[in-house]
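Step one of this worksheet: look at the structure below.
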There are 2 protein chains.
Amino acid sequence: MNDIDQFLYLRIAKTFENQIVKEVIRLGDKLPSLRSICKQYDVSQSTAMQAYYYLESKFLIESKPKSGYYVSYSSKHYASIPEISKPGDFEGDQEDMENLIDKVYRQITNSKTTILSLSVPAPELLPIAKLNKAMVNALRSLPASGTAYEHIQGNVKLRRQIARLSHPIELSLTEDDLIITDGCMNAISYAMMAIAKPGDTIIVESPVYFGILQLAKILNLKVLELPTHPQTGIELEAFKRAVETKKISLCLLVSNFSNPLGSCMPNEHKKEMVNLIQKHNVPLIEDDIYGDVYFGLNRPKTCKTYDESGLVLWCNSISKTLAPGYRVGWIAPGKFKDQILKLKKCHSISSPTLSQEVIGSFLETGRYEHHLRKLRSTLQANSINFLNAVHESFPEDVKINRPEGGFVLWVELDKKINTVDLYEKAIKRNISIAPGSMFTLQKQFSNCMRLSYGMKWDATVAQSLKTLGMISKGLMGE
Amino acid sequence: MNDIDQFLYLRIAKTFENQIVKEVIRLGDKLPSLRSICKQYDVSQSTAMQAYYYLESKFLIESKPKSGYYVSYSSKHYASIPEISKPGDFEGDQEDMENLIDKVYRQITNSKTTILSLSVPAPELLPIAKLNKAMVNALRSLPASGTAYEHIQGNVKLRRQIARLSHPIELSLTEDDLIITDGCMNAISYAMMAIAKPGDTIIVESPVYFGILQLAKILNLKVLELPTHPQTGIELEAFKRAVETKKISLCLLVSNFSNPLGSCMPNEHKKEMVNLIQKHNVPLIEDDIYGDVYFGLNRPKTCKTYDESGLVLWCNSISKTLAPGYRVGWIAPGKFKDQILKLKKCHSISSPTLSQEVIGSFLETGRYEHHLRKLRSTLQANSINFLNAVHESFPEDVKINRPEGGFVLWVELDKKINTVDLYEKAIKRNISIAPGSMFTLQKQFSNCMRLSYGMKWDATVAQSLKTLGMISKGLMGE
């Protein structure tokens with residue numbers, strides 16, 4: 001699907017959305033068949049499907065097997081979205097979280113397990129043959145076949161391509177503004193080390209990716225989790241109050257399609273956030289690792305887009321889109337460039353030469369953008385299948401986020417259900433989920449879980465979600 | 001050359017050494033031709049040459065073009081070895097050192113420059129075609145062609161092979177005792193972070209590889225440089241005094257063929273050092289990155305060999321022997337394993353999957369040991385050529401270490417000569433050296449330099465050394 005097609009599907013979808021919301025067409029009405037959409041708008045079958053996927057993802061329509069698509073819009077029908085989180089205004093304990101994380105990942109050893117607990121793309125979704133070809137080319141074209149050290153700052157071609165791909169989100173970077181790192185967490189770790197001293201307090205979203213909590217703890221930083229909205233991300237008012245009343249060293253946000261909540265800060269929020277950090281001189285580490293996996297028309301912008309002070313350190317990688325095992329990430333560190341370069345030099349000298357060249361070529365030839373279009377379309381379809389399956393199989397009061405990108409559903413169940421119990425029962429049936437308490441240092445989210453849909457949708461996955469729903473219903477009854 | 005040949009050459013060499021030192025054969029006497037050595041001992045030409053190289057490296061014999069080999073032993077004739085270093089008992093300043101290092105490495109941009117300032121193997125010395133083949137095999141054999149995450153601890157095959165190769169130095173490791181890192185500096189950085197807190201004092205050799213000083217500084221550690229002997233390494237008495245009178249958090253040593261001094265701690269010293277650290281409970285980071293590049297009969301042992309307490313963290317990599325650009329290193333962290341694993345997980349999740357598999361297979365097939373034999377023989381020949389060239393061209397009072405392994409000569413010139421001046425004059429003639437003040441935080445070694453012989457010996461290199469000698473003589477006259 002090319003960019004024009006992508007634009008078309010949204011135009012079609014938006015037209016229907018408008019009519020449905022205004023009840024021009026109503027609950028139960030049948031929609032035109034895909035074939036007639038193709039004819040009417042002169043588009044391909046996949047564009048038509050994309051339009052209907054979009055409407056499905058917003059629960060505006062639903063498909064009935066062998067019958068067609070029907071308007072399903074009704075305020076009653078919607079599964080609610082989860083509550084805004086309300087973490088306490090204190091630092092929580094780590095041990096329980098660590099033990100749970102260790103257990104969940106230690107138990108993924110059975111090849112029969114349906115793994116819904118890892119926020120990574122499954123190999124089936126990756127362009128492996130093309131990457132291998134790029135590797136063979138790199139062995140041929142690099143001096144000394146990549147056995148020599150790369151510059152500390154990283155492969156120039158790769159940095160240039162990252163800069164090029166950042167134009168649509170108006171980052172106006174050049175290769176000189178970027179430093180290659182060994183994955184995104186490595187970028188974040190350098191950023192934290194450059195800015196915060198032991199004992200300092202940092203602000204994060206709540207829930208938050210546990211790797212961030214673990215890193216902060218090992219660097220002896222205090223973590224302040226702030227209320228976060230499942231659609232719009234961190235609550236700006238809470239952030240404002242925190243920086244006005246506490247000594248905050250830095251803030252770390254996953255601004256686009258956060259893990260595990262799936263939230264995406266509206267551009268207006270990003271702009272306001274940048275105003276706030278500039279006013280209070282609080283550096284912001286922006287983890288944008290899911291930003292390229294958007295389901296809408298355009299890639300969402302970043303806080304970095306609005307940053308004129310150099311206070312935003314934009315971190316990213318290809319681990320969620322191309323090859324986690326290549327460990328290629330980067331950072332646009334703004335005014336902290338010298339410190340980050342020095343840290344990288346001291347801690348690892350340089351990043352592996354070959355993998356940087358491979359990813360550099362992959363980006364240069366346009367293969368990356370081609371692959372991303374396919375990946376986004378697959379993940380969007382998955383997200384809808386997951387939403388529908390959870391909606392259908394789980395207890396009625398289930399709350400689900402509406403991801404508009406990324407890899408994860410955040411599911412909130414009745415307070416009576418502890419998802420660690422759900423986990424225990426599920427793993428016995430070879431289904432691995434990520435309980436909500438993995439994503440906080442505080443006592444919260446015990447009735448939540450993260451489900452990753454980064455795999456090929458098939459009958460096993462569908463059945464696993466049904467089974468999870470059944471177990472949840474059982475736990476409700478206990 | 002196989003192991004039996006290697007044994008043979010040393011037996012031949014030792015026989016001659018004994019006769020020369022006891023003056024059974026005397027200064028000026030002609031030695032048997034290589035051909036007659038081959039006949040007499042029933043060995044190959046290369047074994048015979050190896051024996052004579054050994055004798056040359058100890059300045060016992062010299063070759064005269066078109067004539068043969070002659071005894072050159074005479075106490076007068078020997079260039080002395082450099083003095084034991086005498087660093088002050090205080091912490092020095094960093095800025096001058098940083099500026100000098102930046103300058104030296106920034107100026108290596110001209111492809112015509114003879115680079116004697118980098119302690120790495122030149123591409124010509126690396127088995128690149130075989131590594132490429134192993135990479136193509138890894139793409140075929142690894143699940144998902146290595147795009148998936150490797151375990152945090154690292155590729156099992158690679159760890160098993162490292163354990164196997166450590167048997168000759170009696171490390172008695174299993175794969176479980178090892179953690180793969182992104183190169184040796186990365187291993188050292190985790191080790192330092194695991195053990196020392198900001199403000200702590202650590203002990204290092206003097207001179208010391210500047211990367212260690214930079215890392216210690218960025219972690220806010222105080223550095224105590226101790227007197228170091230150019231042949232036997234750190235002075236044990238000085239170390240003893242330091243740990244008895246000061247609060248020392250850890251010690252870092254390059255026990256075998258140190259960079260830049262070329263010293264190699266005798267096994268007895270290693271044993272004594274381990275006793276001392278155990279008595280005073282001071283963890284020891286042992287950087288053994290040059291240990292495989294020995295010129296003698298056996299690989300020298302390590303401090304880790306004698307460690308029963310788990311206080312020694314043995315760090316190593318293939319950056320000096322196979323492929324610096326692959327960034328594959330490892331650590332046997334003793335009792336600090338849990339901390340190091342946790343640090344690695346937080347700072348970079350896992351190391352690149354493909355390169356670990358490539359190096360793992362390379363070690364498994366025995367190609368590594370085959371390659372090492374060749375590399376050692378080349379470097380030994382280089383070291384002798386360098387020694388002779390410096391000896392012949394430099395001012396008479398030049399002092400040179402006698403490397404029995406590794407990549408570097410440490411050259412001490414008359415106090416009148418500042419090697420930063422020498423550097424400035426040399427770089428104008430496209431020769432890059434590493435001035436001694438790069439390897440200390442204190443005011444010392446201004447008349448020293450490090451010359452790396454990790455390249456193919458040829459007329460350009462020979463001429464560069466002559467030019468350096470000439471410039472030095474000029475600086476003496478000024």
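Quick note: the coordinates plus some simple rules give every number you see, no bench work behind them. Note that the structure is predicted; figures quoted are calculated from it, not measured. We place every Cβ from the backbone using ideal geometry, glycine too, and count neighbours over all the protein chains shown.
Straight-line cross-link reach from B:Lys112 at under 15 Å between alpha-carbon atoms covers these aspartates and glutamates, not counting any fewer than eight positions away in the same chain: B:Asp458. Distances between copies at B:Lys335, taken between label points 7 Å from Cα along the C-beta direction, are 4.6 nm in increasing order.
In a reduced charge model with +1 at each Lys and Arg Cβ and -1 at each Asp and Glu Cβ, chain A shows a dipole moment near 940 debye about its Cα centre. Normalised Debye scattering of region A:195-340 at q = 0.18 Å⁻¹ gives log10 I(q)/I(0) of -1.09, counting only Cα atoms as equal scatterers and leaving out solvent. Counting other Cβ atoms within 10 Å as a rough exposure proxy, the listed residues B:Ser46, B:Ser166 run B:Ser46, B:Ser166 from fewest neighbours to most. Bridgeable aspartates and glutamates around B:Lys301 (alpha carbons under 16 Å apart, same-chain partners fewer than 8 residues away excluded): B:Glu170, B:Glu268, B:Glu272, B:Glu286, B:Asp287, B:Asp288, B:Asp292, B:Glu404. Label point of A:Ser80 (7 Å along Cα→beta-carbon): distances to the other copies' equivalent points are 8.7 nm, sorted ascending.
Using unit Cβ charges (K, R positive; D, E negative) and no other charged atoms, how large, in debye to the nearest 20, is the dipole of region A:3-71 about its Cα centre?
Working: 10 positive and 8 negative charges, 51 e Å.
Dipole magnitude for region A:3-71 comes out near 240 debye.
Rg of the Cα atoms in region A:3-71, relative to 2.2 N^0.38 Å, amounts to 1.01.
Distance distribution P(r), region A:406-478, all Cα-Cα pairs, bin width 5 angstrom from 0: 4, 16, 28, 27, 17, 7, 2, 0 percent. Taking a straight Cα-Cα cut-off under 28 Å and skipping sequence neighbours fewer than 8 places away in the same chain, the lysines within cross-link reach of B:Lys64 are B:Lys14, B:Lys22, B:Lys30, B:Lys39, B:Lys76, B:Lys374, B:Lys399, B:Lys456, B:Lys466, B:Lys473. In whole percents, the pair-distance distribution calculated for the protein assembly as shown from its alpha-carbon pairs, binned every 20 Å from zero, is 13, 41, 30, 13, 3, 0. With contacts taken as Cα pairs under 8 Å and at least 6 residues apart, region A:145-366 reaches a relative contact order of 29 percent.
Charge dipole of region A:145-366 (Cα centre as origin; +1 on each Lys and Arg Cβ, -1 on each Asp and Glu Cβ, all else neutral): 420 debye, rounded to the nearest 20.
Pairs exceeding 26 Å between alpha-carbon atoms, taken from A:Lys222/B:Lys304; B:Lys246/B:Lys415; B:Lys247/B:Lys270; A:Lys344/B:Lys320; A:Lys130/B:Lys133: A:Lys222/B:Lys304; B:Lys246/B:Lys415.
The trypsin sites (Lys or Arg not before Pro) of region A:237-283 that DSSP puts in a loop, and whose beta carbon has at most 16 other beta carbons within 10 Å, are A:Lys246, A:Lys247. When the Kirkwood radius is taken over all Cα pairs of chain A, what Stokes-Einstein diffusion coefficient follows at 37 °C and 0.692 mPa s, in µm²/s? Rounded to a whole number, D works out at 141 µm²/s.
A simple rule links phi to the HN-Hα coupling: the Karplus curve 6.51 cos²θ - 1.76 cosθ + 1.60 with θ = phi - 60°, which for region A:415-421 gives 4, 5, 8, 9, 6, 5, 4 Hz, with x for Gly and Pro.
The base-10 log of I(q)/I(0) for region A:349-470, evaluated at q = 0.12, 0.16, 0.17 Å⁻¹, reads -0.56, -0.81, -0.87 [Debye formula, identical scatterers on Cα atoms, solvent excluded]. Based on Cα contacts under 8 Å between residues 6+ apart, chain A shows a relative contact order of 21 percent.
Ellipticity at 222 nm from helices only: DSSP H runs of n ≥ 4 in chain A, each -39500 (n - 2.57), divided by the residue count, give -13500 deg cm²/dmol. Counted over all Cα-Cα pairs of region B:103-249, pairs farther apart than 18 Å make up 75 percent. Working value for region B:61-147: equivalent-ellipsoid semi-axes of 40, 30, 17 Å, each the square root of 5 times a Cα gyration tensor eigenvalue, largest first. Label points for B:Pro168 are taken 7 Å from Cα along Cα→Cβ. From this copy to the others they lie 5.5 nm apart, shortest first.
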